[in-house]
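For reference, the structure is listed below as C-alpha cells.
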Amino acid sequence: MAADTGPGAWNTFIEGDNLDVLATLDAGSVDLVYADPPYNTGNDFAYRDRFGAHEAWAAMMRPRMQAVHRVLAPRGALFVSIDDNEAAHLRLLLDEVFGEENFLAQVVVNLNAKGRQLGRGFATSHEYVLVYARDARTCALDASSADTVDEADFPLSADDGRRFRHLPLRNTNKKFNPLTTPTLHYPLYGDPDSGRVSVSPFPGSVEVLPVFGDGRPAVWRWSPPLVHERPDDVVCRIVRGRAGNRVDVFQRDWLHRDGGRRKKLHTIWLSEEIGSTDTAVAELKDLVGHVFESPKPTGLLRRIVATMPPDSVVLDPFAGSGTTGHAVALLNAADGGTRRCISVNSAEPTREGSNARLAGLATVADITRARLAAVAERVGGGLVNHRISGDPDVRDPLLPVVGRRNGGKPGEPPVIR
C-alpha cells in the first residue's frame with residue numbers, strides 16, 4: 001500500500017532494537033512516551049519472552065527507561081502499561097530512574113471486562129498504566145478529558161438553551177472557614193424571587209452569609225470581585241435546611257464554557273470508555289487481519305495521547321501492532337493536531353504457523369509497518385519508514401540520527417540530519 005513519505009508525515013516507523021534507536025534521538029526531543037513492554041508472563045505471543053526472572057526483566061528495562069528519561073523534554077511524560085507480574089518491580093525502577101517526586105498516577109485499566117477464565121485463581125480483568133513526569137514542575141500533562149463529561153450531570157437549561165447545574169457557592173470543605181480563610185467570609189445580597197445576586201444591597205435583597213449545613217459559619221469559593229464580574233453565573237435560591245428554609249447562593253456551572261468542558265480523569269479506566277482487547281483485535285483485523293494476539297485498543301492510546309498538547313512528538317519504543325501511531329493519526333484527523341509519532345519495533349520473527357506468518361508477515365516489525373501503512377491510506381497523515389541497527393556498518397544511511405529541527409522546539413517532527 002502506498003503511503004506519503006514526505007517530511008510532514010504524522011507517523012515514522014523505525015525497525016530496529018529500541019535501545020539502539022533511542023541512542024539516536026536527541027536529548028529532550030520527545031514530549032510523550034508510551035511503552036508497552038513484554039510483561040514477563042512466560043506466554044509465547046508475537047514477542048517471545050526471554051526474561052525468566054524479575055531481575056533479568058528489570059535488567060532489560062533499566063537501560064531502556066534511562067534512555068527514555070534522556071530523550072523526554074522537560075514538559076514530557078511517560079506512560080507504561082504493565083500487569084501484576086512486574087508492576088511492583090517497575091514502580092521501583094521508575095522511582096529510581098525518574099524520581100519518586102515525578103510519579104503522577106498508577107491507573108487501573110479494565111481491558112477484559114469478562115476476566116481471564118483460564119488458569120487458577122481470580123478472573124483477572126485489569127492491568128495498569130504507570131504515569132511519570134520528566135519533571136513534575138514543568139510537565140504539560142493535563143489529566144482531564146472532554147470525553148468524560150456527562151451531559152446528564154447538567155440537568156438545567158437557560159433561555160438560550162445552554163445546559164448548566166447549580167453548585168453551592170459556599171466552600172463545602174470544612175478546612176476552609178472564617179478562621180483559615182477570613183477574606184472569603186463576607187455577606188452577599190440576593191433576591192430569591194428574581195435570583196439576582198450582588199456584593200452590595202439592592203431593593204428587595206436580603207443579606208446572605210455562607211454557612212455549613214449545621215449552621216456553622218463557612219466561606220464562599222469566590223471573592224467579591226469575581227462575584228461582581230460574573231453576575232450571570234450566580235443565583236439566589238431558597239433551600240430547605242436542617243432548621244427549615246433559608247436563602248443561599250449558588251453558582252451556575254455551565255456545560256460549555258470558554259471553549260469546552262473537561263473533567264478530571266479517574267484512575268480507573270473502564271473498557272466501555274477506552275475499548276477492550278476484543279475491540280483492539282477487531283480494529284487491527286479491519287486494517288490488516290487477525291495477526292497480533294494482544295493489541296491495545298486505540299481508545300486507550302487516544303486518551304493517553306490527548307493528555308498532552310496537540311503538537312507533541314510521541315514515541316512508542318515497544319510499538320507492537322502500531323496502536324499508538326494509529327491513535328495519533330485518529331486524534332490529528334479529529335482535532336487538527338500536528339502530533340508526530342515515532343514507532344519502534346524489532347524484526348523479531350513471528351511464530352511459525354501463526355496468523356501473521358500465514359499472512360506473509362515474517363516479523364513483528366512487518367506487522368507494525370503494515371498497520372501504519374494502512375492507517376496512512378485510510379486516515380491520512382503519511383508514513384516514513386526507516387531501519388536502524390546497532391552495527392554501524394548496516395545502519396540505514398537514510399537515518400543516521402533522528403532529532404528535532406532548530407534545537408528541539410515542541411511540535412517539530414523528527415528530521416533526518
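What ranking do 70, 242 get, fewest neighbouring Cβ atoms within 10 angstrom at the top? Kindly include the intermediate steps, with their values, before the conclusion.
Working: 70 17, 242 8.
Ascending Cβ contact count within 10 Å gives the list 242, 70.
One quarter of the convex hull surface, Cα atoms only: what value does that give for the chain in nm²?
25.9
I'm checking a number: the convex hull volume of the Cα atoms of the stretch 119-261, normalised per residue, in Å³. What is it?
Working: hull volume 33.1 nm³, N = 143.
In the stretch 119-261, the Cα convex hull volume per residue is 231 Å³.
May I ask for the net charge around residue 242, where only other residues with Cβ less than 12 Å from the Cβ of residue 242 are counted and Lys, Arg are +1 while Asp, Glu are -1?
Numbers: positive: 216, 240, 246; negative: 214.
So the environment of residue 242 carries a net charge of +2.
Tilt of helix 54-71 relative to the longest C-alpha principal axis of the chain, in degrees (0 to 90, nearest 10)?
Here the helix axis deviates by roughly 70 degrees.
Kindly provide the helix-only [θ] at 222 nm of the chain, computed as the sum of -39,500 (n - 2.57) over DSSP H runs of four or more divided by all residues, to the nearest 500 deg cm²/dmol?
On the way: 10 runs with 99 residues, N = 417.
Rounded to the nearest 500, the figure is -7000 deg cm²/dmol.
Among 188, 178, 245, whose Cα sits farthest toward the positive end of the charge dipole of the stretch 151-254 (+1 at Cβ of Lys/Arg, -1 at Cβ of Asp/Glu, about the Cα centre)?
The one lying farthest along the dipole's positive direction is 178.
To the nearest 10 degrees, how steeply does helix 277-288 sit against the main Cα axis of the chain, on a 0 to 90 scale?
The answer is roughly 50 degrees.
Return the single residue from 11, 332, 345 with maximal mean-square fluctuation; model: Gaussian network over the chain, springs between Cα atoms under 10 Å.
With Cα springs under 10 Å in the chain, the top fluctuation among 11, 332, 345 is at 332.
Under 29 Å from the Cα of residue 264, which lysines turn up, not counting those fewer than eight places away in the same chain?
Within reach: 114, 174, 175, 296, 409.
Please give the FRET efficiency for residue 230 paired with residue 62, using the beta carbon to beta carbon distance and R0 = 60 Å, rounded to the nearest 0.05. Mind dumping the intermediate values first?
Numbers: r = 52 Å, r/R0 = 0.87.
About 0.70, to the nearest 0.05.
When all C-alpha to C-alpha distances in the stretch 216-368 are sorted into bins of 10 Å, what percent of pairs does each bin hold, rounded to whole numbers?
All Cα pairs, binned at 10 Å, distribute as 9, 25, 22, 14, 12, 10, 6, 1 percent.
Can you tell me which of 185, 89, 69 moves the most in a GNM of the chain? Springs connect C-alpha atoms under 10 Å apart.
Fluctuation is largest for 185.
For the stretch 285-326, what is the per residue volume of the convex hull drawn over the alpha-carbon atoms, in cubic angstrom?
Convex hull volume per residue, Cα atoms: 78 Å³.
Give the order of 357, 339, 137 when sorted by the count of other beta carbons within 10 angstrom, beginning with the fewest.
On the way: 357 16, 339 26, 137 8.
Fewest to most other Cβ atoms nearby, the residues stand as 137, 357, 339.
Any idea how far apart residue 174 and residue 153 come out in nm if each label point goes 7 Å out from Cα toward Cβ?
Between residue 174 and residue 153, the simple spin-label model gives 2.5 nm.
Between residue 270 and residue 118, take the C-beta separation as r, use R0 = 22 Å, and let me know the FRET efficiency to the nearest 0.05. Can you show the working numbers first?
Values: r = 22 Å, r/R0 = 1.02.
About 0.50, to the nearest 0.05.
Would you mind checking the tilt of helix 87-98 against the longest principal axis of the Cα atoms of the chain, expressed as 0 to 90 degrees and rounded to 10?
That works out to roughly 80 degrees.
Can you tell which of 385, 173, 112 shows the greatest fluctuation in a Gaussian network model of the chain with Cα springs below 10 Å?
173
Packing-wise, with mean Cβ within 10 Å as the measure, how do 318-329, 155-166, 205-216 rank, highest first? Write down the numbers at each step before the final one.
Numbers: 318-329: 28.3, 155-166: 11.8, 205-216: 14.4.
So the order, starting with the most tightly packed, is 318-329, 205-216, 155-166.
Can you put 229, 96 in order, fewest other beta carbons within 10 Å first? Numbers along the way, then the final one.
Numbers: 229 10, 96 13.
Fewest-to-most Cβ neighbours within 10 Å comes out as 229, 96.
Since every read-out is calculated from the coordinates, none of them should be taken as a lab result. Remember, it's a predicted structure, so these values are computed and weren't measured experimentally. Using ideal geometry, Cβ is built from the backbone for each residue, glycine included, and neighbour counts are taken over all protein chains shown.
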